[in-house]
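The values are calculated or read from the model by the stated rules, or taken from the named source; none is laboratory data. Since the structure is predicted, the reported quantities are computational estimates derived from the model, not experimental observations. Cβ atoms come from the backbone with ideal geometry, glycine included; neighbour counts cover every protein chain shown.
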Amino acid sequence: MLERLRKLNPDIDFYSVKDSEFKRYGCVLNFNTDEIIKACNEINMPEEGSRYSLSVKELEDLKCAKPLKGKLFGGCEAQIGLCHGYNTNLNALEFHNSSEINIAVTPLVLLLGFRYDMESNEYSSDKIKAFYLEKGDAVEVYATSMHFCPCQVSNEGFSCVVVLPKNTNDVLDELSEDRLLFKKNKWIICHDQNKALIDKGVYPGIHGINYNIKY
């Protein structure tokens with residue numbers, strides 16, 4: 001699959017999360033994901049588009065939930081959510097002042113960039129790199145890495161577990177003077193041609209190609 005993705009997407013650098021290139025963006029975790037993948041497969045996919053739930057009870061109640069949270073946050077409060085549906089575009093980049101764990105319930109692609117490559121909230125998409133995750137792969141994505149909705153590699157869509165500090169991505173208690181702060185512990189910029197996100201108030205800071213991952 002990785003070689004196929006590389007051939008079909010020559011305009012972007014493509015890697016596996018197991019390649020050394022990923023070490024600057026995150027790390028691969030040694031964690032048994034069988035239980036959580038089985039639970040995710042029992043949750044219905046959206047009919048269209050993508051959906052993110054910051055905390056999913058079916059996942060929070062699993063036996064693996066406590067060690068999964070502990071693996072990232074060392075006992076601090078965390079939440080286990082799910083992002084799933086259909087997407088092939090970059091569209092936006094977000095970051096948190098914390099790492100996050102992603103578990104590939106299906107094979108998928110993460111489009112990643114570095115926060116420090118932004119200049120005055122502007123970012124050139126030619127700095128983006130694509131990373132392929134096989135089903136069952138678990139990774140920590142560092143706080144210095146910008147990311148957004150995963151991309152599918154089949155017509156069946158994608159599904160990705162998302163573990164973050166508790167209340168991340170929840171609604172802000174009050175408006176912030178920070179132009180990029182969109183929700184709690186969530187800073188985001190979108191592509192300058194993504195009208196849907198711009199209309200929601202997201203800053204159009206990404207310029208260049210809005211990559212569309214072909215599979």
Answer yes or no as to whether Thr106 is more than 20 Å from Val28 (Cβ to Cβ), of a type in the set (Val, Ile, Thr) and modelled with pLDDT of 95 or more. no
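Inside region 7-24, can you point out the residues that are of a type in the set (D, E, K, R) and either under 20 Å from the mean Cα position of the chain (by Cα) or under 12 Å from Asp137 (Cβ atoms) (or both)? Step through it out loud before you land on a result.
Initial filter on region 7-24 (of a type in the set (D, E, K, R)): 7, 11, 13, 18-19, 21, 23-24.
Selection gives Asp13, Lys18, Asp19, Glu21, Lys23, Arg24.
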Within 23 Å of Leu5 (Cβ to Cβ), surrounded by 15 or more Cβ atoms within 10 Å (Cβ to Cβ) and in contact with a helix residue (DSSP H, G or I) (Cβ under 6 Å, 6 or more places away or on another chain) - does that describe any residue in region 186-193? no
Which numbered condition trips up Lys66, out of (1) of a type in the set (D, E, K, R); (2) modelled with pLDDT of 95 or more; (3) outside any loop (DSSP other than H, G, I, E, B); (4) loosely packed, with under 15 Cβ neighbours inside 10 Å? (2)
What about Ser50, is it touching a Cys at 6+ places or on another chain (Cβ under 8 Å), modelled with pLDDT of 95 or more and closer than 30 Å to Asn121 by Cβ? yes
From the list Tyr116, Tyr123, exactly one residue is assigned to a strand (DSSP E or B) and among the hydroxyl-bearing types (Ser, Thr, Tyr). Which is it? Tyr123
Search region 2-21 for residues that are among the charged types (D, E, K, R) and pair each with any residue that is surrounded by fewer than 16 Cβ atoms within 10 Å (Cβ to Cβ) and part of a loop (DSSP other than H, G, I, E, B) when their beta-carbon atoms are under 8 Å apart and the residues are at least 6 apart or on different chains. Arg4/Tyr215; Asp11/Ile209
